[in-house]
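One structure below.
The values are calculated or read from the model by the stated rules, or taken from the named source; none is laboratory data. The structure displayed is predicted, hence computed values, not measured ones. Positions of Cβ are backbone-derived with ideal geometry, glycine not excepted, and every protein chain shown enters the neighbour counts.
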Amino acid sequence: MPDAVTNVDDRSERRSPGTSGRILIAVPVFNEVAHVGRMLPSLREHAEMDVLFVDDASTDGTADVLNALAQRGEAHMLRHAANQGYGRTLIDAFDWAEERGYEWVITMDCDEQHEPASIPDFVREIEKNDADIISGTRYFRRPGQGEDDLPPPERRAVNLIVTATINELFGWSLTDTFCGFKAHRIARTAAMRLSEPGYAFPMQLWPRVYAGALRVREIPVRRIYNDPNRTFGHDVRAGDLDNARTRLEHYLSVLRDELCDLNLPPLRDAVSAVARDAINVLPDTLPGDLRDTLRDGLEAVASVPC
C-alpha cells in the first residue's frame, strides 16, 4: 500500500445503479500539472463513474490540484510519499478498488494520450461479460477512428519485439502489449498478486494472465503521442530506460524471470522465431545499428538460464 494515503469521502457507498457503479477509472499520475486539471472535465463528458488518481510523489504541483479535486468530492486520491513506479500505482489502484467492492477498473494515463471518448467502448465490452482483461491496442484501426500519430521508431521497435515474444510464447495474437488503456476484472486481477513496480509491469502481467487462464480481448484506441520525446527516466535495477536496448533488456529480463518462476516455457524458446521474424519487420526508419543492437539484446537476455 502507499506510504501516505489521502482518501476524501468514500463515495463507493453511494454509487449509482447500473454498470457504471461497478467500474472505477484509475489514473496513475507523476508530474502532470499541465494535464491533470483538464482530465476530469474531459472524463465527465463521456463517463459518470468514480475516478481515482494515484499520485506517485509528484513534485510539480500536481498534488495540489488533486487535493483540491478530492476536497471538493470530485475524485479520490492516493499519494505515495516517495516515488515507487508506474506498476506500483496500478497495483495500489487495484487494491483500493478491491477493498471497496468495485468489479472493474479502467486504467488510463493522465497525459491526454488516452482519449476519454473511448471509455464507452470499454464499458460495452465489459457488459458482454466474456473477458477478464480488455486491452487497448494502438495498432489496430477501426472505421471512423481518428487520425493516429506516428510512434517514435525505437518505441515501436521495442513494442514489436516484446509483443512478438509474448505471442510466440503463449500462442496469442496480441498487437500491443504495452498500451496502458485497459479494463481489468478486479477479482481476477487481484488474484494474480502482481508486484512489479516499474514500467516492466506488463512483463509480469501477461505471463500471469496466461498461467491463470484469464480471457483477453483487444479493442482499438487512438494512437496519440503529444510528446514523442517524453522520458522514461532511470530505473534503479536497469539503468537508463531512455536507451532502447537497456529498456528492451530490462523488459525481457523481467519476463524471463517471471516465466521461470511460473514454470512456463523459457524465453529462449521464443527467441529464434522473434529474432528471425519480428526483427526483420521493424520500422524502416529505425537505424540499422539499432536494429542489430536490439537483436543482440534479445539474444543476450534469452541466453541467461533460470
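Which ones in the stretch 26-50 are closer than 18 Å to His80 by Cβ, out of contact with any Gly (no Cβ under 6 Å at 6 or more places or on another chain) and of a type in the set (A, V, I, L, M, F, W, C)?
Ala26, Val27, Val29, Phe30, Val36 - these are the residues of the stretch 26-50 that are closer than 18 Å to His80 by Cβ, out of contact with any Gly (no Cβ under 6 Å at 6 or more places or on another chain) and of a type in the set (A, V, I, L, M, F, W, C).
Take the stretch 177-194 and flag every residue that is polar (S, T, N, Q) and either in contact with a Pro (Cβ under 6 Å, 6 or more places away or on another chain) or part of a strand (DSSP E or B) (or both).
The answer is Thr177, and nothing else.
For the stretch 242-269, which residues satisfy the criterion of being aliphatic (A, V, I, L, M) and not in a loop (DSSP other than H, G, I, E, B)?
Ala244, Leu248, Leu252, Val254, Leu255, Leu259
For the stretch 36-48, what are the residues that are buried (at least 18 other Cβ atoms within 10 Å of the Cβ) and in contact (Cβ under 8 Å) with a residue 40 or more places away in the chain?
Those that are buried (at least 18 other Cβ atoms within 10 Å of the Cβ) and in contact (Cβ under 8 Å) with a residue 40 or more places away in the chain: Val36, Met39, Leu43, Ala47.
From Tyr210, Tyr199, Tyr251, grab the single residue that is among the aromatic types (Phe, Trp, Tyr) and either surrounded by 22 or more Cβ atoms within 10 Å (Cβ to Cβ) or on the phi > 0 side of the Ramachandran plot (or both).
Tyr251
Quick one: which of Asp111, Asp130 is over 30 Å from Val236 (Cα atoms) and either within 13 Å of the chain's Cα centre (by Cα) or among the acidic types (Asp, Glu) (or both)?
Asp130
Between residues in the stretch 62-86 that are in contact (Cβ under 8 Å) with a residue 60 or more places away in the chain and residues that are surrounded by fewer than 19 Cβ atoms within 10 Å (Cβ to Cβ) and in a strand (DSSP E or B), which pairs lie under 8 Å by C-beta distance while being six or more apart or on different chains?
These pairs meet every condition: Arg79/Ala4; His80/Ala4; Ala81/Ala4.
Looking at (1) modelled with pLDDT under 95; (2) surrounded by fewer than 21 Cβ atoms within 10 Å (Cβ to Cβ), which is the only condition Leu160 fails?
(2)
Residue check, Pro283 against (1) free of Cβ contacts under 8 Å to residues at least 40 places away in the same chain; (2) not in a helix (DSSP H, G or I), all met but one. Which one?
For Pro283, the exception is condition (1).
When only residues in the stretch 195-220 that are in a loop (DSSP other than H, G, I, E, B) and charged (D, E, K, R) count, which is nearest to Gln84 (Cα to Cα)?
Among those residues, the one meeting the criterion is Glu196.
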